[in-house]
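All remarks here apply to the structure that follows.
Computed from the coordinates by the stated procedures, all read-outs in this text should not be read as laboratory data. These numbers come from a predicted model, not from an experiment. Glycine also receives a Cβ, built like all others from the backbone with ideal geometry; neighbour counts cover every protein chain displayed.
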Amino acid sequence: MHYTGTVWRPPYEASSLLIEATAGCTHHKCKFCTLYDDLPFKFRLSPLEDIEEDLKEAQRHCKLWGRKISRTFLVGANPFVLKASRLLEIASLIQKYFPTNQSIGCFARITDITIKSDEELAALREAGYDSITIGIETGDNDALTFMNKGYQAEDIIVQCRRFDHAGIRYNFFYLTGISGRGRGEKGQSIQQTSATSSIRR
Ligand code: SF4
């Protein structure tokens with residue numbers, strides 16, 4: 001498999017097929033983050049040939065062990081940044097080798113949603129993209145700015161509503177305590193205003 005550096009995935013993706021679609025992070029500026037520091041580059045997208053080779057290899061193993069795949073998780077800090085056309089190509093490849101696959105997840109940044117049209121989001125949902133994991137960290141604008149997240153609480157609400165509209169569910173990663181002593185409630189304020197489908201800490 002073409003895995004590069006440490007492979008990170010949410011705990012609830014433990015039984016998903018892990019396919020590398022990107023390596024590293026397009027942002028790479030969050031003050032607290034060291035997740036992809038072991039890579040010699042900032043960001044790279046996987047060639048489709050590598051993805052197809054990995055799917056073939058996984059298919060061989062699954063046949064051997066009699067395992068059926070129902071969910072695939074694209075690894076990398078934010079594969080959702082890829083153009084919708086590229087994500088659709090990847091979904092077609094997954095469907096080709098794993099017709100039992102029902103959904104595709106990945107990490108996404110809020111800014112990855114911004115660059116897609118509503119029509120593209122609907123097409124991605126149709127192709128199986130669902131339960132996307134977003135590390136929003138906090139709803140506190142001061143903390144978001146201090147940590148260089150690259151967006152504000154209002155952006156989270158607007159973009160997640162677009163996900164809601166497209167029928168794409170999402171999970172949040174929060175960093176409890178990111179706002180500092182006595183500011184916990186401010187950091188959680190996004191929970192009260194956004195129609196989040198599920199929240200994980
Ligand atoms: S967007 Fe995620 S992976 Fe990228 S630097 Fe920030 S926390 Fe790290």
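Annotations for the structure displayed:
- Placing unit charges on the Cβ atoms only, positive for Lys and Arg and negative for Asp and Glu, gives the chain a dipole magnitude near 420 debye about its Cα centre.
- Environment charge of residue 168, counting only residues whose C-beta is closer than 14 Å and scoring Lys/Arg +1, Asp/Glu -1: -2
- Compared with the dominant Cα axis of the chain, that is its longest principal axis, helix 153-166 is turned about 40°.
- Close Lys-Lys pairs in the chain, where close means Cα under 27 Å and separation is 8 or more or interchain: 24
- Order of 142, 112 under a 10 Å beta carbon neighbour criterion, fewest first: 142, 112
- Stokes-Einstein D (µm²/s) once Rh is taken as the Kirkwood radius of the stretch 43-187 over alpha-carbon pairs, at 25 °C in 0.890 mPa s: 149
- Our summary gives the chain a relative contact order of 18 percent, counting only alpha carbon pairs under 8 angstrom and 6 or more residues apart.
- The stretch 1-51: C-alpha gyration tensor shape, a/c 1.5 cut-off, then a/b vs b/c: oblate
- Per the chain, cysteines lacking a partner by the 4.7 Å Cβ criterion: 25, 62, 106, 160
- Between the stretch 4-28 and the stretch 83-151, the C-alpha centres lie 13 angstrom from each other.
- Tilt relative to the chain, helix 84-97 - C-alpha long axis, 0 to 90 degrees, to 10: 40
- Computed lengthening from residue 117 to residue 31, 0.36 nm per intervening residue step minus Cα-Cα distance: 28.0 nm
- Compared with the direct C-alpha span, the chain from residue 57 to residue 158 gains 32.4 nm at full extension, assuming 0.36 nm per residue.
- Cut-off 17 Å, label 7 Å out along Cα→Cβ of residue 7, residues of the stretch 74-105 by amide N: 74-79, 94, 98, 104-105
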